[in-house]
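Chemist: Before I ask anything, here is the structure I am working with.
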Amino acid sequence: MSASLALDRRRELAYARDLARAFGGALLFSLPLLMTMEMWWFGFILEPLRLAVFLLVALPLLFGLAFYAGFSAQHRGLGHALLDTLVALAVGAITAAAVLALFGVLEPGAPPGQIVGQLTLQAVAGAMGALLAGRQLSAGEEDIGDEDQAAYPGELFLMVAGALFLALNMAPTEEMILIAYRMSAVQVIALILVSLTVMHAIVYNIGFPGQEAHTRPFAAFVHYTLAGYGLVLLTSLYVLWVFGRTQGHGLAELVDAVVVLSFPGAIGAAAARLLV
């Protein structure tokens, strides 16, 4: 009996530690967004449809992160991944509510729709940080996550998550549109080449399973760098759409903005195995 109680006690302490890490990860990842004025505005000016799509797309993404890198090292599997997803969303929402209230952003008399919108955007970012906390804040104490066992589709998924990890922090800002506006066509093409070069250099050095980087570098470039960059472009377009950055712009301006946002996205995608 005493041994069973001691084991339960250790499990409770371990989960409490994992939960504390989750709150730390949520704060670490979402703090730049929590202190970004554009994110406060988007919380109440975005159409409900965009917020709904953002949340619906985020749920499977968070579930995948929970499956590969859930913040609890003691429990694995689909059931626990679903539980980690829900807990991470709660952690992200609580963290966002506490910080925004402390900053005076959440107004007591604000319409419920405004508060829900602000917390929805921030909660997803915080949930990503909560799920990545085991890797980012464990200080090498233990191996958290099953990303080493990910098949090729799983690796591509992790690259999308890594791209979103960085792109989400920059997409709401006006600077993305301003940079795209200032760049010439030659500079846009140069940025694409730089993004591919940096992305491949990181992928090559990290070494994704199955890429055979040392014997077949071209295969690694096609299967991971090119495929990953294509997913980064789609991810950047989606994020820009969520924040209404695709409205009122011609095709050329939209392409420029996607390429600009895909630069940090490509770095995040390539470094996904370090982040996730």
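Chemist: Just to confirm, what accessible area per residue do you get for the stretch 150-276 at 1.4 Å probe, in whole Å²?
Modeler: Numbers: 5700 Å² over 127 residues.
Averaged over the residues of the stretch 150-276, the accessible area is 45 Å².
Chemist: Now, a different point. Return the sequence-ordered ³J(HN,Hα) values of the stretch 57-65 in whole Hz as given by the Karplus equation 6.51 cos²θ - 1.76 cosθ + 1.60 applied to θ = phi - 60°, using x for Gly and Pro.
Modeler: For the stretch 57-65, the Karplus curve yields 6, 5, 4, x, 5, 5, 5, x, 5 Hz.
Chemist: According to the square roots a ≥ b ≥ c of the eigenvalues of the Cα gyration tensor, what is the shape class of the stretch 157-204, taking rounded for a/c under 1.5, prolate for a/b larger than b/c otherwise, and oblate for the remainder? Provide the component values of the computation, followed by the final result.
Modeler: On the way: a/c = 3.53, a/b = 1.19, b/c = 2.96.
Here the stretch 157-204 falls in the oblate category.
Chemist: Now for a different question. Highest mean first, how do 16-26, 83-93 rank when packing is the count of other Cβ atoms within 10 Å averaged over residues? Walk me through the numbers before you get to the answer.
Modeler: Details: 16-26: 20.4, 83-93: 22.1.
The densest-packed peptide leads the list: 83-93, 16-26.
Chemist: Which peptide among 162-172, 45-55 comes first, and what is the full order, when sorted by highest mean count of other Cβ atoms within 10 Å?
Modeler: Values: 162-172: 24.3, 45-55: 13.8.
Going from most to least packed, we get 162-172, 45-55.
The values are calculated or read from the model by the stated rules, or taken from the named source; none is laboratory data. What you see is a predicted model; the values in this text were computed from it and never measured. Note that each Cβ is placed from the backbone with ideal geometry, even for glycine, and that neighbours are counted across all protein chains shown. SASA here: full protein model, heavy atoms, side chains in, ligands and nucleic acids out. Shrake-Rupley method; radii C 1.70, N 1.55, O 1.52, S 1.80 Å.
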